[in-house]
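Report on the following structure.
The values are calculated or read from the model by the stated rules, or taken from the named source; none is laboratory data. Fair warning: this is a prediction, and the values are worked out from it, not measured in the lab. Don't worry about glycine lacking a Cβ; one is built from the backbone with ideal geometry, like all the others, and counts go over all protein chains shown.
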Amino acid sequence: MNNAVNNKRVFCVQPHRPIGFGEALGKRGDIRLDMLEQKSPDAAALEILGAAHAYQMSSARDELARHYHAGAELLGRAPNLLIVSTNGAGYDTVDMKACTAAGVLVVNQSGGNAEAVAEHVIGMMLCLIKRVGESDHALRTGTLKNRNDYTGREAFGRTIGVVGLGNVGKRVAELAGILFKMKVLAYDPYLPADAVRARGAEKVELDELLRRADFVSINCPLTPETRGLMGAREFALMRPDAYFITTARGSIHDEAALEQALHDNKIAGAGLDVWEKEPPPSSHPLMKYANVMVTPHMAGVTHEARTRMGQIAAEQMLDALDGKPVPRIINPQVWPAYARRFERAFGFKPAEPPSEPNWHASEKHA
């Protein structure tokens, strides 16, 4: 291996450097980490982009300047770029087709915030069914007349439908089953029935899940296939006493269709952590409903998760630059082109990736 000083170049954009990432990479004499500002690239930034081999980037599309999204514009300025690594499990800020066409490997930190997000789902579920938000508002505003007006229900023995049974969905299923003996239905076209059973759920099609579930939890990534997955037709399939919860990504559900379903009392309520525009304005139509619980895309934002994600990001980046197997690949079909470019850059072939983790969920990007 070539151990020349700073022969491997990595960059981040302020303030989107994961916790501990710089410290971990700083221990290596063969790696240089550059930090760029959100402003449009100047001459110094263009030099850094032109030399970069790897980009550790934000996955928050409304927080990262558009010219630093990993698309054709940035790739054109970074001809030596080999690796794009998103800080979270999402990759909204990555143009997967453009990266794959350029021979750029895309990885994420899936699993690092799974516990945090799954706990958020369960928390929203309990608050909704026990009407915590509604009664809290009534007490604070002095509009409470009779506590019985806010009588809730129990989660025990009910049915939860999980859309996307990856790291988060699997943990949601586990918690729901263990804590409340809930029946778990799962819609995940990339997992066979036996794998779904092994994760504590029954594999069903989306329509059946929507008709049967007391709670519908969205836990899949935003992709061309999932964009607009939940629209007017899908909300109409849900029961009037069922709740919709999403901690995945905005644009998977149609906000206008959800607002209409709530207006028409087609569903009992919703828990929303993700939005088409983040953060949403306080005047957003969905904010006016007392039976809607809202948070600002913070399900995965805990001290523990942030630390864990930074550790995963650093370890995976170091492994990738060292040519070791990396497990969280989003575009596995890029591997032959990536491997050739990697060998030209560093003089040795990278080790083949493991055949499992993210491969089954990533073939849709081929």
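Some observations on this one:
- Within the set 162, 184, 172, the sole residue that is touching a helix residue (DSSP H, G or I) at 6+ places or on another chain (Cβ under 7 Å), part of a helix (DSSP H, G or I) and β-branched (Val, Ile, Thr) turns out to be 172.
- Some residue of region 68-83 being outside any strand (DSSP E or B), touching a Ser or Thr at 6+ places or on another chain (Cβ under 7 Å) and either more than 27 Å from residue 252 (Cα to Cα) or not hydroxyl-bearing (Ser, Thr, Tyr) (or both): yes
- Qualifying positions in region 92-144 - in the same structural domain as residue 80 (by TED's automatic domain parsing), free of Cβ contacts under 8 Å to residues at least 40 places away in the same chain and charged (D, E, K, R): 95
- Residue in region 273-303 that is farthest from residue 109 (Cα to Cα), counting only those that are touching a helix residue (DSSP H, G or I) at 6+ places or on another chain (Cβ under 7 Å) and outside any loop (DSSP other than H, G, I, E, B): 285
- Top-ranked residue in region 57-106 [being in contact with a His (Cβ under 8 Å, 6 or more places away or on another chain) and closer than 16 Å to residue 309 by Cα; ranked as modelled with the highest pLDDT]: 57
- The set of residues in region 308-329 being farther than 18 Å from residue 88 by Cα and among the small types (Gly, Ala, Ser) consists of 323 alone.
- Some residue of region 334-343 being over 20 Å from residue 89 (Cα atoms), over 22 Å from the mean Cα position of the chain (by Cα), acidic (Asp, Glu) and part of a helix (DSSP H, G or I): yes
- Residues considered: 78, 72. Of these, the only one that is in the same structural domain as residue 326 (by TED's automatic domain parsing), in contact with a Gly (Cβ under 7 Å, 6 or more places away or on another chain) and of a type outside the set (Lys, Arg) is 78.
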